[in-house]
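Visitor: This structure is in C-alpha cells; I'll ask about it shortly.
The values are calculated or read from the model by the stated rules, or taken from the named source; none is laboratory data. Remember, it's a predicted structure, so these values are computed and weren't measured experimentally. Glycine also receives a Cβ, built like all others from the backbone with ideal geometry; neighbour counts cover every protein chain displayed. Side chains included, ligands, DNA and RNA excluded: accessible areas come from the protein's heavy atoms. Shrake-Rupley method; radii C 1.70, N 1.55, O 1.52, S 1.80 Å.
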Amino acid sequence: MDQADLPIGRADLFSVTARMVQDVVGFGALSSWRSSLDADNRIRTASGRPGFGPDLGRVSRHQVDLLDWVVETDPGPRLLGATSGRPILTWQRVVTDALDSPTRPAWDAMTLAGRTNLTLTGTDLLTAEDLDGDLADEAAEHVEQETLQPWQQARLDATDELYTALGDLDRTVPELLDGAWHTIRNQGPAAAVTIANCVVEAMDRSLRAAAPDDQVHPWHARNRRPSAEITKDGRPTRALRVNYVMRGFKGEAELVRAQIDALVTMTTRISNHGQKLKHASQGDITTARTLVCTVESLLMSLFLERL
C-alpha cells in the first residue's frame, strides 16, 4: 500500500476518499492512513516549489509508512482511533491550506506539527488496550524507526533554545522535562504515570505563564469569545490559553488544540491503567520517549517563534 505507486495530481480524489472513509467507518487506522496519503500526495506535488522544506516530505513519508504497517495489522479502531485520528485529519486540512499560499515559515510550522503527530500516533498505538505480546514488540520497533530515530538530531538541535525560552516563562518547566528524560535514561522501576503527569504539568505551567488569567480574561471579553472557554471556577481553559498564545494563527491554533487534547487523553489513559516501567521493556521506554518528544514539539509550536 505505497502511495508512491499512485499517480500524481490526484489530490482531490485522495481528499474525497479520505472523507468518505471517515464518514463511513469513523476514526480508525484506515481513516488516518487515507488522510495521511492525501497530505503526502499534496506535499509531493509541491516539493518543487521555491523554498520547499524537504523535512516536510520526510515527516509525511514516515507518517504513511507507520500507518501502512498499522492498517496491514488491523485497519479498524482497535489499535488507532479518534485520539490520534483527529490531529491527523486536522493536519491534513492545515497542510492543504498552507500549500495554497506556501511560505517557508508555513513549511517549517507544518513540519514541526507533523513531527508532533508522528509521536502522538506512536503513543496512541503503544497504549492501545489490545496491544500485547509479540505485536507490542513489533509496534515498538516501528514507532522507534518511524517517529523517534529520524528526528533525534533535530530534537537535540532545538533543545537548548526551547529550554531557555521555557525557563524564561517558568523556570520549573525545563526541570520537569529534564526529570522526565532522567527517568527514561535510568530505565529503572519508575512509573510511566509519573512521566505522563510530568508532561501535562509542563504543558499547563507553560500555558499559564504565557497566557496569564489577567491578560486572557480581557482578551476573551473584548473579542466576545464563547463562555464555554471559561471553566466553572472562572479560569481560562487550555483551549482558550492556546488561542490567546496563537492569536493570529487560526489554523495552527486549531491543530495545536487537537494535539494537546490527544496528549492529555493519552496521559489520562496511562494514569487510569496504571502502566509502569517495571521491567524497562522496550515498548514502555518507547512510550515514555514519545510522550516527552510530543510535549517538547508542542511547546516548540507554541513558543519558539512567538516569544
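Visitor: Those residues that are surrounded by fewer than 23 Cβ atoms within 10 Å (Cβ to Cβ), among the aromatic types (Phe, Trp, Tyr) and modelled with pLDDT of 75 or more, I need them from the range 17-53; list them, please.
Guide: Of everything in the range 17-53, just one residue is surrounded by fewer than 23 Cβ atoms within 10 Å (Cβ to Cβ), among the aromatic types (Phe, Trp, Tyr) and modelled with pLDDT of 75 or more, namely 27.
Visitor: In the range 197-250, how many are more than 24 Å from the chain's Cα centre (by Cα) and among the polar types (S, T, N, Q)?
Guide: The qualifying residues number 4.
Visitor: Any residue in the range 54-77 that is modelled with pLDDT under 85, of a type outside the set (Lys, Arg) and either more than 17 Å from the chain's Cα centre (by Cα) or over 13 Å from residue 118 (Cβ atoms) (or both)? Don't jump to the end; show me each part of the working.
Guide: Pass one, the range 54-77, residues modelled with pLDDT under 85: 54.
Among the residues that remain, those that are also of a type outside the set (Lys, Arg) are: 54.
Adding the requirement that they be either more than 17 Å from the chain's Cα centre (by Cα) or over 13 Å from residue 118 (Cβ atoms) (or both) leaves 54.
Yes, that holds for at least one residue.
Visitor: What pairs can you find where one residue is in the range 104-117 and farther than 14 Å from residue 256 by Cβ and among the basic types (Lys, Arg), the other is open to solvent by 10 Å² or more (accessible area, probe 1.4 Å) and not in a helix (DSSP H, G or I), and their Cβ atoms are less than 8 Å apart, with a gap of 6+ or different chains?
Guide: Hits for this filter: 104/51.
Visitor: Go through 291, 255, 277 for me and flag whichever is modelled with pLDDT under 85 and hydrophobic (A, V, I, L, M, F, W, C). Step through it out loud before you land on a result.
Guide: On the way: 291 fails: modelled with pLDDT under 85; 255 fails: modelled with pLDDT under 85.
Every option except 277 fails the conditions.
Visitor: Can you work out which of the residues in the range 79-114 that are in a helix (DSSP H, G or I), open to solvent by 20 Å² or more (accessible area, probe 1.4 Å) and of a type in the set (S, T, N, Q) is nearest to residue 37 (Cα to Cα)?
Guide: Per the stated criteria, the residue is 96.
Visitor: Sticking with this structure for a sec: Mind listing whichever residues of the range 211-229 are open to solvent by 50 Å² or more (accessible area, probe 1.4 Å), closer than 28 Å to residue 89 by Cα and in a helix (DSSP H, G or I)?
Guide: Residues satisfying the conditions are 227, 228.
Visitor: Here's a check for you: in the range 30-49, which residue that is of a type in the set (S, T, N, Q) and assigned to a helix (DSSP H, G or I) is farthest from the chain's Cα centre (by Cα)? Outline the logic, then answer.
Guide: Taking the range 30-49 first, the residues of a type in the set (S, T, N, Q) are 31-32, 35-36, 41, 45, 47.
With assigned to a helix (DSSP H, G or I) added as a condition, the list becomes 31-32, 35-36, 41, 45.
Numbers: 31: 17, 32: 13, 35: 15, 36: 14, 41: 20, 45: 24 Å.
Filtering first and then ranking leaves 45.
Visitor: Moving to a separate point now. Which one of the conditions (1) open to solvent by less than 30 Å² (accessible area, probe 1.4 Å); (2) part of a loop (DSSP other than H, G, I, E, B); (3) not β-branched (Val, Ile, Thr) does residue 232 fail to meet, given that it meets all the rest?
Guide: Failing condition for residue 232: (1).
Visitor: Return the pair list, or none, for Cβ contacts closer than 6 Å from residues in the range 62-85 that are over 19 Å from residue 258 (Cβ atoms) and of a type in the set (Gly, Ala, Ser) to residues that are open to solvent by less than 30 Å² (accessible area, probe 1.4 Å) and at pLDDT 95 or above, at least 6 apart or on different chains.
Guide: none
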